[in-house]
Amino acid sequence: MLGPMSRLWQTVRPIRFRLYLGLLSAMTASIVALMIPQVLEFIVNRLETDAVAATIWTGGAVVLGLGFLEASLIWMRRTFAVTPSTTVEKQIRVRFYAKVQHMPVAFHDGWGSGQLLSRMLTDINVIRRWIAFGMIMAVTNTVTIAVGMVLLIRSSPVLALVFFLAAVPVTVIAYRFHRQYSVLSRLSQDQNGDLATTIEQSVQGIRVLKAFGRGPSALDGFTEQADELRQTEVRKATAVARFDMFMFMLPEVALSVALFLGLHLTANGSMNTGQLASYFATATLVVGPVRMLGMLFGQAVNATTALDRHYEVMDAENTIVSPEEPAEIDLAAARGALRLEDVHFRYEDAPDHVSDVLDGVDLDIRPGETMALVGVTGSGKSTLLQMVPRLYDVTGGRITIDGIDIRDMDLTDLRTLTAVAFEDATLFSDSVRDNVLLGADRSLSEEDAEELLHLALRTADATYAYDLPEGVDTRIGEEGMSLSGGQRQRLALARAIAARPAVLLLDDPLSALDTRTEEIVTARLREVLEGTTTLIVAHRTSTVALADRVALLDGGKVVAVGTHVDLMASSARYRWVIAHQEEEARRDQDIETMTGELDLRGQWGDPPEPTASVPASERNVPASERKGDR
C-alpha cells in the first residue's frame, strides 16, 4: 500500500513537469551559488601574481553575473512551483468537499464538524506549502550539501573530514527529532480540530448557552482545551528549538575546528590561501541548508500528518452509493406508491444485546395517500423517515417506490422523487428564494420558478418573507438564526413543497408553530398535497388530523394501522401514545418559550405572546430525553 507521500506524488501528476522545472531551477541556483566561492579562490590566487585592478574587475563581474543568474533561477523556481501547486490545492479541496458531501449521514454522525473543517482548510494548506516549497527545497538542500561536500573535499580533504564527523550526530539527532515531532504534530492537529468543533458548537448553540447561563462553563471547557493545545504547541516548539540548537551549534563547532586546522595547513604550505578562502566560503553556503534541516523536517512531518488525516477521510468507505446499473425511472410518471417490507435497522455502534431500532417494519402507503407515523420517543420514527431517501440504509428487508427497490435506483433519481422537511430546520446563509428553491427543478423558467416560490411560501404560511427588508431576496443569517424557530420551520416546509416530490417526508414539521398557524398550514397542505404520497411523523393530534391513515410504531414494528378515529376506538396503546405526545408537545413548547426559541422572532418580526410557564420540576429536563428520535 502506498504511503501518504507516494499518494501525494500520484495526486500531483498533472503538474509534475512544472514541478520538475521548479526543482531544476532551484538546484541550478544552488549550484550557481556554490560556484561563487570557486571564483573567490581564483581571485585570491591571482592577486599574488597578476594586476590587482584587472583581477578585481574580472572577478567582480563574474560574481555579479552569477548572483544575477541565481536570483533569476530562484524567481523561476517560484513561478514554476507556486501557481500549479495552488491549482492542485484547489483540486484536493474540491475532491475532499465532494467526498464529504457524498458520504452517508452515519459518517457525519461519527465525525466532529470541526475535525472535517480543520482537514478541509488547515491540513490541505499545509499540503500545498509542502508541494510548493518543502518538497523542492528538501531535494535542493540535499543536492547543495552533496555538491558542497565534494567542493570541500576538493579544497581540503582533511578539513572536509571535520564536516563529515559533524554529520554523524546530526543524523542521529534528526532521526530522534522526527519520531518525537511526528507524534506531537498529529496530537496538535487533532486538538486543533477538536477546538474548532467546540467553537462551532458554541456559536451554533449560543442561544442555549445564554438562556441557561452556561456561558462561563462553556468558557471554562474551551479554556481547558485551549490550554491543552498550548501545552502541545510548547512541546513542539521546545523540540524544534532543541533540534535547531544542535543544527546551529554543530556546524559552528565544525567551522571553528576547521579554522584552526586550516590556518595550520596554510602556514605549513599544505594548502594555499585561495583554497582556504574557497573552503570557508563554500562551508558557509553548505551550513545554510544544514540549518534548514530542522524546518524542513518539521514541515515534512506536518505534511505527512496532514496527509494521514486527509486520507483518513478520503479512504472512508461510502456505503450508500448508486448501483452500477440503476433501474430506469420515469420521474414524470412516478405514482409514489411507498412500501416497507420487513424493514430492519440498527446503528453500527449498537451493542449486540440491543434490539434493532426497526425490527421488521411492514407498511404500505398508497399513491397520493397521507400517512401519519406516531410512536413514543426513541421508537425510530425519524430514522424510518430518513431511510426512504437513503440517508440511512436498511440493514434488513427493503423499501420500494412504485415497486422498485430504492437501492436499485440512482441516488439522484431517488432524491428527486423524495423531499424531506426535518423537525430541526436547517437553512443556509443565502436568500429566502434560494433556500426555498433549493430542491426545485433547475430547468424551470424564471416565471414558473417565481410562481412555485409563491405557492410554496403560501402553503407553508411563510409569506412573511415578502415583508423582509429585501423581500424574498433577503439573505438570512447562518442556519437561519436571524429568524424564529417557527419561521425557520415554515421555510423548510416550503422548501420540501417546492421540490414537487412524488413522496413527501415530513418529520413533525409543524412542532414550532402555534395552534392557529398550524391549522392554516394543515388546511393548505391538504389542498396542495393532493396526489402526493406523504409520510409524516406526528407528535400532536392536530398534525395527525392531516393524515388519511395513521401507523403506530411500537417496539420496532408497526403494530396498528387505521384512521385516527378507528385507532382511538380500538387501540389502548394508541390512545396512550397520543395522550403522552400531547402532554410532551405542550411541555416542549413551554420550555422552548422559556429558552427563547419561540419568544424571539428575529430582527424582522414581533415576538409572540408567551405560553404557560414551565413547572420547576421540569426545567432541567434534557431535550434529548423530551423529544425526537435518534
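The values are calculated or read from the model by the stated rules, or taken from the named source; none is laboratory data. In this text, all values refer to a predicted model and were calculated from it rather than measured experimentally. Don't worry about glycine lacking a Cβ; one is built from the backbone with ideal geometry, like all the others, and counts go over all protein chains shown. Heads up: the accessible areas ignore ligands, DNA and RNA and are worked out on the full protein's heavy atoms, side chains in. Shrake-Rupley method; radii C 1.70, N 1.55, O 1.52, S 1.80 Å.
Identify, please: which residue in region 390-424 is among the polar types (S, T, N, Q) and assigned to a helix (DSSP H, G or I) and is, among those, least open to solvent (accessible area, probe 1.4 Å)?
Applying the filter and picking the extreme gives Thr416.
Of all residues being open to solvent by 60 Å² or more (accessible area, probe 1.4 Å) and not in a helix (DSSP H, G or I) in region 546-582, which is farthest from Val343 (Cα to Cα)? Just the residue, please.
Asp548
Which of the residues spanning region 368-379 are farther than 14 Å from Leu506 by Cα and surrounded by 16 or more Cβ atoms within 10 Å (Cβ to Cβ)?
Of the residues in region 368-379, the ones farther than 14 Å from Leu506 by Cα are 368, 375-379.
Selection gives Gly368, Gly375, Val376, Thr377, Ser379.
Name the residues in region 261-295 that are open to solvent by 60 Å² or more (accessible area, probe 1.4 Å), under 29 Å from Ile173 (Cβ atoms) and among the polar types (S, T, N, Q), would you?
Hit for region 261-295 is Thr284, nothing else.
Would you mind telling me which numbered condition in (1) free of Cβ contacts under 8 Å to residues at least 40 places away in the same chain; (2) under 28 Å from Gly556 (Cβ atoms); (3) under 28 Å from the mean Cα position of the chain (by Cα) Asp434 fails?
Of (1) free of Cβ contacts under 8 Å to residues at least 40 places away in the same chain; (2) under 28 Å from Gly556 (Cβ atoms); (3) under 28 Å from the mean Cα position of the chain (by Cα), only one is false for Asp434: (2).
What is the one condition in (1) surrounded by fewer than 18 Cβ atoms within 10 Å (Cβ to Cβ); (2) acidic (Asp, Glu); (3) assigned to a helix (DSSP H, G or I) that Asp359 does not satisfy?
Against the list (1) surrounded by fewer than 18 Cβ atoms within 10 Å (Cβ to Cβ); (2) acidic (Asp, Glu); (3) assigned to a helix (DSSP H, G or I), Asp359 comes up short only on (3).
May I ask you to say which residue of Ala211, Ala174 is open to solvent by less than 90 Å² (accessible area, probe 1.4 Å), within 20 Å of Met292 (Cα to Cα), at pLDDT below 80 and not charged (D, E, K, R)?
Details: Ala211 fails: within 20 Å of Met292 (Cα to Cα).
Going through Ala211, Ala174 in turn, the sole match is Ala174.
Residues to consider are Ala174, Ala237; find the one that is touching a Phe, Trp or Tyr at 6+ places or on another chain (Cβ under 8 Å), more than 30 Å from Val39 (Cβ to Cβ) and assigned to a helix (DSSP H, G or I).
Details: Ala237 fails: touching a Phe, Trp or Tyr at 6+ places or on another chain (Cβ under 8 Å).
Unique residue meeting the criteria: Ala174.
Just checking, does region 82-100 include any residue being in contact (Cβ under 8 Å) with a residue 24 or more places away in the chain, in a helix (DSSP H, G or I), open to solvent by 60 Å² or more (accessible area, probe 1.4 Å) and more than 22 Å from Asn125 (Cα to Cα)?
no
Any idea which of (1) in a loop (DSSP other than H, G, I, E, B); (2) open to solvent by 10 Å² or more (accessible area, probe 1.4 Å); (3) not small (Gly, Ala, Ser) is the one Leu510 doesn't satisfy?
With respect to (1) in a loop (DSSP other than H, G, I, E, B); (2) open to solvent by 10 Å² or more (accessible area, probe 1.4 Å); (3) not small (Gly, Ala, Ser), Leu510 is out only on (2).
Here is a check on your reading of the model: is Val354 without any contact (Cβ under 8 Å) to a residue 60 or more places away in the chain, surrounded by fewer than 16 Cβ atoms within 10 Å (Cβ to Cβ) and of a type in the set (Val, Ile, Thr)? Lay out the reasoning, then the answer.
Details: without any contact (Cβ under 8 Å) to a residue 60 or more places away in the chain: yes; surrounded by fewer than 16 Cβ atoms within 10 Å (Cβ to Cβ): yes; of a type in the set (Val, Ile, Thr): yes.
In short, yes.
Tell me yes or no: at least one residue of region 28-51 is assigned to a helix (DSSP H, G or I), loosely packed, with under 14 Cβ neighbours inside 10 Å and out of contact with any His (no Cβ under 8 Å at 6 or more places or on another chain).
From region 28-51, those assigned to a helix (DSSP H, G or I) are 28-47; that's our starting set.
Retained after the next criterion (residues that are loosely packed, with under 14 Cβ neighbours inside 10 Å): none.
No; the residues of region 28-51 include none that is assigned to a helix (DSSP H, G or I), loosely packed, with under 14 Cβ neighbours inside 10 Å and out of contact with any His (no Cβ under 8 Å at 6 or more places or on another chain).
Say we look at region 101-121 and pick out the residues that are polar (S, T, N, Q) and surrounded by fewer than 17 Cβ atoms within 10 Å (Cβ to Cβ); which of these is modelled with the highest pLDDT?
Applying the first criterion (polar (S, T, N, Q)) to region 101-121 yields 101, 113, 115, 118.
Applying the additional criterion that residues be surrounded by fewer than 17 Cβ atoms within 10 Å (Cβ to Cβ) yields 101, 113.
Details: Gln101: 88, Ser113: 79.
Among residues in region 101-121 that are polar (S, T, N, Q) and surrounded by fewer than 17 Cβ atoms within 10 Å (Cβ to Cβ), the one modelled with the highest pLDDT is Gln101.
If a residue has to be open to solvent by 30 Å² or more (accessible area, probe 1.4 Å) and either in contact with a strand residue (DSSP E or B) (Cβ under 7 Å, 6 or more places away or on another chain) or of a type in the set (Phe, Trp, Tyr) (or both) to count, how many in region 236-260 make the cut?
3
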